[in-house]
């Protein structure tokens, strides 16, 4: 079966994408489609197929059987397309307003046809351009609360959850995170990528035994704790936004993982943007609002829809919430560090043109990441993240 | 596929068992087999097929599609036979000396043909008869250390581990443990079964909010933490033993669960036997030796065969060991309580003929279970279990 799938696969062309769009019956017959390949070509082909008169269109995304990274190519499972379309459909059961609609998927061709979101902007790009997205944290807080709750042992039949977990076993994509987020940046590994001016700071991380122990514990959580179906890569580049709308895309890293992981990655990418600009407030406010919306929404669902007989037990929700915050803070620290010195950087920092300013921002990022990891057990309220952020600044000025 | 399997299934007869034994080519042609059905008939058919002259034989075990419990019958997946034979084979990769050899399995008939262990005795029966099994803790400590280490993210390729985890998703059998070990005994549930003299003690458990919170946390660990392939039901009735040999049987509950679970269930069943007799020492010594053998063996494997890049990180092994002991103590507490007042009792306690003595032993069991659960975070050395055991006695005399 795997073999026949492999043999059927071939990359889509623009004319093939148009033919597929026409075939799905989403547009009137004879629509004069325009097709543009808009992907970055590293991991996926992404075709925007639309009617130039009505501007209505679809996105046709096809996974490529390899990843181009730093000039090299490594094989990468096509199964990630199935994971992605299944995750989008599962999330749509709970938060249809926050994910693109999936119209069609083809496992053997690794294709997903989905809603055209080209009226929105990737949140990272908007933030870098100074946008604030006033509703982003309301929406993401709700997205995380509902997807985590309803796919966990608290919101879903516990036997059905195990079947869903089985469908989302995702070894190859998890390995990317295990290596690039939790391991390589903390050792002298060839995938790392940093400016020479950071070498002293980076070598300090490599030799930091206390930090290694805490990152190892966080990695173990990522490897073993199957709380809920998580997005697995919820950075600001995986979010389309406007002032009124938010859509989460690209859940190809989805699997059953710890409650705190998506929250932590989102926090980290807000903090990375905050480090790149002088006006920190909108980003810090987003972190706090995301957490507050998350906890209120999660608590309301817990109250009304919990299937676990111990749901009403005094202290259990508080324990879950507290552990989730601690883990999220630790995961955020790992993400900040890897986005600064690991294989995959963020434009928020790399785009700072003035070299001394850029290096300083990256040094702050490394220090903030380290503080979040080492002091996460002392974080009881989300506001303490703000304090750590400003302490990091104060300590280096 | 499921349908065709269901339609093929039929219960084995004695003549069918003999025909199967002959067909496997394990015995000379024309062997005059004797066949005896030796199962308890509640969950499985178990045929002992042997040559009366040489005494050589095999065990043919077939899962029944239902479980008879307290006079009722509930449907139970036949897939447990596949889980059992696959788990025995996986364990045999690491500790062939401690599991029966599997000669043959048939998924559609839910049959496993395995080594005849009739020269050994079920450890629970032996303990009740006053045996001590001097090598039991050496063997079980090694069994647990090796099976846990080699199937965990420390001893196995982390991507391969996820595939193995996928093969051992075991919702229906896990539900039995979730209900009967972690839930029902702590609420006024119809599956509970206890003598009326215990009602005051039992109702105290049902109203114990602090206890509920801690059991809920332990249940959450069982539901979410996928450390290693665990046996899932490692009580003294799942162990065949003699003075020189030990064999672990019946891993139909196997799945990827927390490191501490098998250890905790084994400790609990040793403690239940200790509560039933005046000579406690051999049982308490077994607990300590099991833990010491486990930690030494696990540490040696960690040193020599660890695949995790953080293996050499100062403090990581200690953290894993400490958390495993804490969890094991908590799981032991749950097991002791459920074996005393839940659906499935143990002969160690139920077999005490003198009624006041039996009630008193059960009261001690409930108190010890509660203490183990509530005070597990304070347990840093295995010897503290002994102290808790004697404190429980002292507090009630």
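A short reminder: the numbers here are calculations on the coordinates, not readings from a lab. Note that the structure is predicted; figures quoted are calculated from it, not measured. FYI the Cβ positions are ideal-geometry reconstructions off the backbone, even for glycines, and counts take in every protein chain you see.
Quick look at the numbers
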| item | result |
| --- | --- |
| Viscosity 1.306 mPa s, 10 °C: Kirkwood-radius Stokes-Einstein D of segment B:172-233 over Cα pairs, µm²/s | 123 |
| Taking all pairs of distinct alpha-carbon atoms in chain B, Kirkwood radius in angstrom | 21.9 |
| Residue order, fewest to most surrounding Cβ atoms within 10 angstrom, among A:307, B:95 | A:307, B:95 |
| Shielding score for B:174-184, defined as the mean number of other chain Cβ atoms within 10 Å | 2 |
| Relative packing of peptides A:281-288, A:215-222, A:373-380 - highest average C-beta neighbours within 10 Å first | A:215-222, A:281-288, A:373-380 |
| Fluctuation leader among B:371, B:265, B:158 - chain B, Gaussian network, Cα springs under 10 angstrom | B:158 |
| Ranked list, fewest to most other Cβ atoms within 10 Å of each Cβ, for A:177, B:236, B:31, B:54 | B:54, B:31, A:177, B:236 |
| Simple spin-label estimate for residue A:243 and residue A:29 in nanometres, 7 Å along Cα-Cβ | 4.4 |
| Pairwise centroid distance, computed over Cα atoms, of segment A:160-205 with segment A:344-385, Å | 17 |
| Computed label-point distance, nm, for sites residue A:157 and residue A:355 using a 7 Å Cα→Cβ extension | 6.3 |
| Stretch gain in nm, segment residue B:296-residue B:200, where the contour uses 0.36 nm per residue and the Cα spacing is subtracted | 30.3 nm |
| Residue B:36-residue B:189 pseudo-label distance in nm [points 7 Å out on the Cα-to-Cβ vector] | 3.7 |
| Average beta carbon contacts from partner chains per residue of B:147-159, 10 Å cutoff | 2 |
| Across the identical copies, how the residue B:292 labels are spaced - nm, sorted shortest first, 7 Å along Cα→Cβ | 5.7 |
| Per-copy distances of the residue B:52 label point, shortest first, in nm (7 angstrom along Cα→Cβ) | 9.4 |
| Burial ordering of A:291, A:302, fewest other beta-carbon atoms within 10 Å first | A:302, A:291 |
| Alpha carbon convex hull of the protein assembly as shown, projected area averaged over orientations, nm² | 37.5 |
| Inter-chain Cβ neighbour average for residues A:215-225, partner chain, 10 Å | 6 |
| Sites residue A:131 and residue A:97, calculated FRET efficiency, Cβ-Cβ separation with R0 22 Å, nearest 0.05 | 0.60 |
| Of B:355, B:121, B:62, the one that fluctuates the most in a GNM where chain B has Cα springs shorter than 10 Å | B:355 |
| Structure-based [θ]222 nm, chain A - -39500 (n - 2.57) summed over DSSP H runs of at least 4, per residue, nearest 500 | -16500 deg cm²/dmol |
| Scattering curve values for segment A:14-115, log₁₀ I(q)/I(0), Debye with Cα scatterers, q = 0.11, 0.14, 0.15, 0.17 Å⁻¹ | -0.36, -0.57, -0.65, -0.81 |
| Segment B:238-290 - convex hull of the alpha-carbon atoms, volume per residue in Å³ | 98 |
| Position residue B:36, label points 7 Å along Cα→Cβ, spacing to each other copy in nm (shortest first, one decimal) | 8.2 |
| Diffusion coefficient, µm² s⁻¹, Stokes-Einstein with Kirkwood Rh over alpha-carbon pairs of segment A:256-397 at 37 °C and 0.692 mPa s | 206 |
